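Notes follow the structure.
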Amino acid sequence: MPANEICCYIETMSRHSAKTAGRSAKTTRRTVKKSAKDTRVTAKKASKSARLPVGKTTRATAGLPAKATKMIRTPSPPVQPVATPEILVRSHKYQVGETVYYTSPTFGRTAATGSYIVVKLLPSEGDDYQYRIKSSGEAFERVAKESQLDRA
């Protein structure tokens, strides 16, 4: 081999050795990382089995009697009932068929003030119950609040 070729060959080999050395260092780091991860996973599994919920069984506790894994419940002391204030259920003041005196509101459209007959009981709107009332002089019915009605 001529001297020129030997120099090129040696140069090529030294580059090749450097690459191989870099690869082997990389492989070593990868192996170390993997073993550290395996150690962490094993430690995590061990701690998980140590904090197993009550009542659950694993292979490690399968041979133990069932009482060792069950929670013991004790009776709680008797609780005194709390006194609640009575809620008063209010009902309609007037009944269907009853004659009432209707006072129209001072704002808006003025209605015919006078005697009306309660036709239907309606649900409350806020604090006031509502009624459907009808006058004998009108062809239609009105809705009035309890506060607008008086006994006739």
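The values are calculated or read from the model by the stated rules, or taken from the named source; none is laboratory data. Quick caveat, the model's predicted, so the values are computed rather than measured. As a convention, Cβ positions derive from the backbone with ideal geometry for all residues, glycine included, and neighbour counts pool all protein chains shown.
So that you can scan it fast, the table gives a plain yes or no per residue for (1) among the polar types (S, T, N, Q); (2) at pLDDT below 85:
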{"residue": "ALA50", "(1), (2)": "no, yes"}
{"residue": "ILE72", "(1), (2)": "no, yes"}
{"residue": "THR99", "(1), (2)": "yes, no"}
{"residue": "GLY108", "(1), (2)": "no, yes"}
{"residue": "ALA111", "(1), (2)": "no, yes"}
{"residue": "LEU149", "(1), (2)": "no, no"}
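Taken together, the residues in the range 111-128 that are acidic (Asp, Glu) and assigned to a strand (DSSP E or B) amount to 2.
Applying the condition of being surrounded by fewer than 14 Cβ atoms within 10 Å (Cβ to Cβ) and touching a residue at least 40 places away in the same chain (Cβ under 8 Å) to the range 113-152 and asking which residue is farthest from the chain's Cα centre (by Cα) yields ALA152.
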